[in-house]
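*Asks:* One structure, pasted below without further comment.
Every number in this text was worked out from the coordinates using simple rules, so none of it is lab data. Owing to the predicted nature of the structure, the values given are computational and were not obtained by experimental measurement. Every residue, glycine among them, receives a Cβ derived from its backbone with ideal geometry; neighbour counts consider all protein chains shown.
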């Protein structure tokens, strides 16, 4: 009985830490994978000497009006092109939700030109990534991409995405 009691106490202590670790890893994985996709899009635009875009996609075939936790793609060409050449298709994510600071559809897709710079109409944007658990909002991260395609990662300490009604 003493051993069972000790196992129960250890389990009660370990479970919250395990949940926090899973959520932290989910947030960081989305941020890191999105950052790598930005670098891939930029590098491929220069290497292929053509436009390369990164856009949200929940079906893996076309750019869609969805959040990044539903997935995204890196494609050759513009987000509006039919049957694009897909360079990378990222699968949906669990335990996270995301939103861009400027969440208009046109601002969630980023197109890199052959010189490695974003398209002239891109004014910069910030991707906010938060856990789905409101009590773990301190684990939130942000990816800011400025007009010159410079990436800045930060931890705001709180979720900056409005609560889901």
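*Asks:* For the chain, find the longest principal axis of its Cα atoms and tell me its angle to the long axis of helix 2-48, 0 to 90°, nearest 10.
*Replies:* The angle comes out near 10 degrees.
*Asks:* Sticking with this one: Specify whether the C-alpha gyration tensor of the range 8-63 places it in the rounded, prolate or oblate class, a ≥ b ≥ c being the square roots of the eigenvalues: rounded for a/c under 1.5, otherwise prolate if a/b is larger than b/c and oblate if not.
*Replies:* Prolate is the answer for the range 8-63, as a/c is 1.5 or above and a/b outweighs b/c.
*Asks:* Sorting 46, 74, 9 on the 10 Å Cβ count, fewest up front, what's the list? Working shown, then result.
*Replies:* Values: 46 15, 74 27, 9 10.
Fewest to most other Cβ atoms nearby, the residues stand as 9, 46, 74.
*Asks:* What percent does the relative contact order of the chain come to when contacts are Cα pairs within less than 8 Å and at least six residues apart?
*Replies:* Once divided by the residue count of the chain, the mean separation gives 19 percent.
*Asks:* Can I ask one more? To make sure I understand, if each residue's beta carbon is the centre and we count other beta carbons within 10 Å, what order do 75, 10 fall in, fewest to most?
*Replies:* 10, 75
*Asks:* For residue 48 paired with residue 8, estimate the spin-label separation in nm (one decimal), with each label point 7 Å from Cα along the Cα-to-Cβ line.
*Replies:* 6.0 nm
*Asks:* Still on this model: Taking neighbour counts of Cβ atoms within 10 Å as a proxy for exposure, in what order, fewest first, do 24, 48 appear? Don't skip to the answer; put the middle values down first.
*Replies:* Details: 24 16, 48 13.
Fewest-to-most Cβ neighbours within 10 Å comes out as 48, 24.
*Asks:* If each of residue 104 and residue 138 carries a label point 7 Å out from its Cα toward its Cβ, how far apart are those two points in nm?
*Replies:* Placing both labels 7 Å along Cα→Cβ, they lie 3.7 nm apart.
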